[in-house]
């Protein structure tokens with residue numbers, strides 16, 4: 001069973017955890033939300049103050065989970081993101097299948113381990129681009 005609590009990464013807010021062991025290759029969660037373009041996600045962030053839970057596939061297809069607090073996949077953090085912790089690496093990865101996105105374990109995880117998955121270079125490039133615009 002998945003649950004959320006304070007992330008083990010500094011200044012990252014909440015994180016995603018599992019109360020059970022997870023086997024390598026196991027599907028952990030599906031990332032669900034509204035489908036928007038990246039441009040629309042940026043507009044929502046600026047105009048409606050709705051930012052922080054976007055899975056970036058490409059500029060034309062993003063899954064925005066901001067309005068879906070019960071969709072737990074949105075709480076997975078990236079160990080290589082803005083707030084890194086020494087010796088902590090991503091233990092999962094995102095798998096895109098058509099228009100669906102899943103978090104999949106890269107190795108066996110013990111119960112109560114934080115689920116960490118890379119957001120990807122494109123996401124961080126876009127994030128920095130938006131940061132530069134402000």
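Look through segment 52-64, keep the residues that are in contact with a strand residue (DSSP E or B) (Cβ under 9 Å, 6 or more places away or on another chain) and surrounded by fewer than 21 Cβ atoms within 10 Å (Cβ to Cβ), and return whichever of them is farthest from residue 90 (Cα to Cα).
Across segment 52-64, the extreme among qualifying residues is 61.
Just one of the numbered conditions (1) surrounded by fewer than 21 Cβ atoms within 10 Å (Cβ to Cβ); (2) under 20 Å from residue 120 (Cα atoms); (3) in contact with a strand residue (DSSP E or B) (Cβ under 7 Å, 6 or more places away or on another chain) is not true of residue 67; which one?
(2)
Would you mention how many residues in segment 1-26 are within 17 Å of the chain's Cα centre (by Cα), exposed (fewer than 12 other Cβ atoms within 10 Å of the Cβ) and in a loop (DSSP other than H, G, I, E, B)?
2
Considering only segment 27-39, I want to know if a residue exists there that is in a helix (DSSP H, G or I), modelled with pLDDT of 90 or more and more than 14 Å from residue 116 (Cβ to Cβ).
Taking every residue of segment 27-39 in turn, at least one turns out to be in a helix (DSSP H, G or I), modelled with pLDDT of 90 or more and more than 14 Å from residue 116 (Cβ to Cβ).
Filter segment 40-52 down to residues that are more than 20 Å from residue 72 (Cβ to Cβ) and assigned to a loop (DSSP other than H, G, I, E, B), then give me how many there are.
Total satisfying the criteria: 1.
Go through segment 68-104 and report how many residues are free of Cβ contacts under 8 Å to residues at least 40 places away in the same chain and closer than 14 Å to residue 33 by Cβ.
So the count comes out to 3.
State which residue is modelled with the lowest pLDDT when the search covers only segment 108-134 and only residues that are surrounded by 13 or more Cβ atoms within 10 Å (Cβ to Cβ) and part of a loop (DSSP other than H, G, I, E, B).
120
The values are calculated or read from the model by the stated rules, or taken from the named source; none is laboratory data. If you're wondering where the values come from, they're calculated on a predicted model, not measured in any experiment. Because the Cβ atoms are built from the backbone with ideal geometry, glycine has one as well, and the counts that use them run over all protein chains shown.
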